[in-house]
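See below for the structure under consideration.
The values are calculated or read from the model by the stated rules, or taken from the named source; none is laboratory data. Everything numeric in this text was worked out from a predicted model, so none of it was measured. Don't worry about glycine lacking a Cβ; one is built from the backbone with ideal geometry, like all the others, and counts go over all protein chains shown.
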Amino acid sequence: MLVARKNKEVIKTQSLDAAVRIMHRCDTLAQASLSSEHIERTYLSNAHAQANKIIEGWISEAQMQSWQDAVGNVWGRYASEDVEAPALIIGSHLDSVVNAGRYDGILGVLLGIELGSFLAKHRVKLPFHLDVVGFCDEEGVRFGATLLGSKALAGKWQPAWMDLTDENGVSLSEAMTEFGLDPSKAIDAKRDPETIRGFLEVHIEQGPLLEKRGLPVGVVTDIAGARRFEFIIEGKAGHSGTVPMFLRNDALLGASFCIQAVEEATKRFDVLATVGQISCEPGAVNVIPGNVNFSLDLRSAKDGVRDRALSWLMNKMRFECQRRGLNIDYIEIHSADAVACDSEWQRLLESAMRDSGVEVNSLASGAGHDAMAMSGYTPMGMLFVRCAEGISHHPAESIMVEDVSVALEVITRAICDKAKVEVPR
Ligand SMILES: [Zn+2]
């Protein structure tokens, strides 16, 4: 009993020192940016190259081997003595949105490096290589397609992506060459799933649940699927002073009833729905709106529930438009299915939380993550870390060093448990 408690305290002190280092490193990495005013680290940019270099330096400091793959993901390895052993991958992404916070993605990579460093320091013998990855493009800011780094690893790289262009007309293929990579070799970033034991990602929650629960970390059960649409409502423009009310086909009035129906759908079904964009034409103070376009983002951890909500909503919208003499049409612009996290990972993380004295709790992710790309490729698990007010994708993104320490302790225990080795003192 005494030994167990001592072990617990030793780990806690070590993980707190490491957590302090992680917080400093997040500050350092925030400097790898395209702007001196804010954080902006997009795929294949100078800031991406700079971040990879900094990360490779820290990987070497942790006595691990480092390399960059064919699409610009950066890797570190704490090697098993068995060179033929499979690899267990831990990490997240290093790219950012424009005017980003300093922890989204980064935290998961730095925790992986600290874990490797801790295991290396104690010469822990693992039955697998521990590979830490910093994915190159999760956010999709520069070329519009998301999860490029993790999809490349999972063999889901699409050759058509090479022709995507950024806002300056530079193609992905040109940007790759400029970065020093060979576009014809991009598919080489794929690793054979037979050689991979699983993937673990630690990420800030990006929502307020853990803070509401007063807990530092939570096990992720599912990553919600999302479908996105653009709706187009056609009515008839006319003079606001001459067309009587009973003869109007006001597209904006129709849209407003459709948007209220979106809220009603969230109350009837277990979904999250957001209309974040709307435009109206002709858009004059004295003209009846003739055309309205608006977006819809619909999410649920269960695809069936999401799709039932959608079909109810479509019927309701058609009804609202018909009775106002409006046409309604839509284009689906994005669709990703929900992904369940691997049950063994959930069990390992829950047991590690219990051993670390943290109340076991779980939650679904409403946001997409690199772990989604691992679906069908390798068993994937996720751990969320509490962030202040659920704010992310913003400079105000904030986390606590104590929570980082807990996260490190939990993943250390989970990985040791998976490897069936004692947690070193
Ligand atoms: Zn992220």
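Scanning for something in a strand (DSSP E or B), of a type in the set (Gly, Ala, Ser) and either buried (at least 16 other Cβ atoms within 10 Å of the Cβ) or outside the structural domain of Leu348 (by TED's automatic domain parsing) (or both), does the range 236-248 turn up at least one residue? Checked against the condition, which is being in a strand (DSSP E or B), of a type in the set (Gly, Ala, Ser) and either buried (at least 16 other Cβ atoms within 10 Å of the Cβ) or outside the structural domain of Leu348 (by TED's automatic domain parsing) (or both), the range 236-248 yields at least one hit.
Here Ala336, Ala340, Ala352 are screened, and the one residue that is in contact with a helix residue (DSSP H, G or I) (Cβ under 9 Å, 6 or more places away or on another chain) and more than 16 Å from the ligand (Cβ to nearest atom) is Ala352. Considering each residue of the range 75-98 in turn, at least one proves to be at pLDDT 95 or above and on the phi > 0 side of the Ramachandran plot.
Here the range 364-407 is the region considered, the condition is being polar (S, T, N, Q) and closer than 28 Å to Gly155 by Cα, and the residue that is farthest from the ligand (Cβ to nearest atom) is Thr378. Residues in the range 80-134 that are under 30 Å from Glu397 (Cβ atoms) and either without any contact (Cβ under 8 Å) to a residue 12 or more places away in the chain or among the hydroxyl-bearing types (Ser, Thr, Tyr) (or both): 4 in all. Within the option set Arg354, Arg323, being loosely packed, with under 14 Cβ neighbours inside 10 Å, among the basic types (Lys, Arg) and more than 30 Å from Lys12 (Cβ to Cβ) holds for one residue only, Arg323. Can you give me the number of residues within the range 27-51 that are surrounded by 14 or more Cβ atoms within 10 Å (Cβ to Cβ), under 22 Å from Leu172 (Cβ atoms) and of a type outside the set (Val, Ile, Thr)? Adding up the residues that qualify gives 14. Each residue in the range 123-140 was checked for being under 16 Å from the mean Cα position of the chain (by Cα), surrounded by 20 or more Cβ atoms within 10 Å (Cβ to Cβ) and part of a loop (DSSP other than H, G, I, E, B), and 4 pass. Go through the range 277-307 and report how many residues are touching a helix residue (DSSP H, G or I) at 6+ places or on another chain (Cβ under 9 Å) and of a type in the set (D, E, K, R). Final tally of qualifying residues: 2. Residues satisfying the criterion are absent from the range 337-349 (criterion: more than 24 Å from the chain's Cα centre (by Cα) and closer than 30 Å to Ile411 by Cβ).
For Gly290, state whether it is exposed (fewer than 15 other Cβ atoms within 10 Å of the Cβ) and under 30 Å from Pro244 (Cβ atoms). Full working, then the answer.
Values: exposed (fewer than 15 other Cβ atoms within 10 Å of the Cβ): no; under 30 Å from Pro244 (Cβ atoms): yes.
Spelling it out, it is not the case that Gly290 is exposed (fewer than 15 other Cβ atoms within 10 Å of the Cβ) and under 30 Å from Pro244 (Cβ atoms).
Working only within the range 326-349, note down all residues that are surrounded by 18 or more Cβ atoms within 10 Å (Cβ to Cβ) and either among the small types (Gly, Ala, Ser) or assigned to a helix (DSSP H, G or I) (or both).
Just the residues of the range 326-349 that are surrounded by 18 or more Cβ atoms within 10 Å (Cβ to Cβ), to begin with: 326, 328, 336, 338-339, 341-342, 345-346, 348-349.
Ala336, Ala338, Trp345, Gln346, Leu348, Leu349, listed by residue number.
Among residues of the range 34-53 that are without any contact (Cβ under 8 Å) to a residue 24 or more places away in the chain, those with a beta-carbon under 6 Å from a residue that is surrounded by 16 or more Cβ atoms within 10 Å (Cβ to Cβ) and assigned to a loop (DSSP other than H, G, I, E, B) at least six positions away or on a different chain give the pairs Leu34/Glu40; Leu34/Ser45; Ala47/Ala32; Ala47/Ser33; Ala47/Leu34; Ala47/Arg41; Gln50/Ala32.
Yes/no per residue for (1) part of a helix (DSSP H, G or I); (2) assigned by TED's automatic domain parsing to the domain that holds Leu215; (3) surrounded by 24 or more Cβ atoms within 10 Å (Cβ to Cβ):
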| site | (1), (2), (3) |
| --- | --- |
| Phe384 | no, yes, yes |
| His394 | no, yes, no |
| Asp403 | yes, yes, no |
| Ala407 | yes, yes, yes |
| Ala414 | yes, yes, yes |
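Just give me the residues in the range 147-167 being part of a loop (DSSP other than H, G, I, E, B) and within 21 Å of Gln50 (Cα to Cα), in sequence order. Write out each step before concluding.
Of the residues in the range 147-167, the ones part of a loop (DSSP other than H, G, I, E, B) are 147, 154-158, 164, 166-167.
Within the range 147-167, Leu147, Asp166 qualify.
Residue under question is Asp82, and the condition is that it be in a loop (DSSP other than H, G, I, E, B), closer than 22 Å to Lys418 by Cα and among the acidic types (Asp, Glu); does it hold? For Asp82, the condition - in a loop (DSSP other than H, G, I, E, B), closer than 22 Å to Lys418 by Cα and among the acidic types (Asp, Glu) - is met. The residues of the range 119-145 that are of a type in the set (A, V, I, L, M) and under 30 Å from Ser173 (Cβ atoms), listed by number, are Val132, Val133, Val141, Ala145. Only residues that are surrounded by fewer than 24 Cβ atoms within 10 Å (Cβ to Cβ) and either in a helix (DSSP H, G or I) or over 16 Å from the mean Cα position of the chain (by Cα) (or both): list them for the range 90-115, please. Asn99, the sole residue that qualifies. For the range 195-219, the candidate set comprises residues that are in contact (Cβ under 8 Å) with a residue 60 or more places away in the chain and part of a helix (DSSP H, G or I); within that set, the residue that is farthest from the ligand (Cβ to nearest atom) is Thr195.
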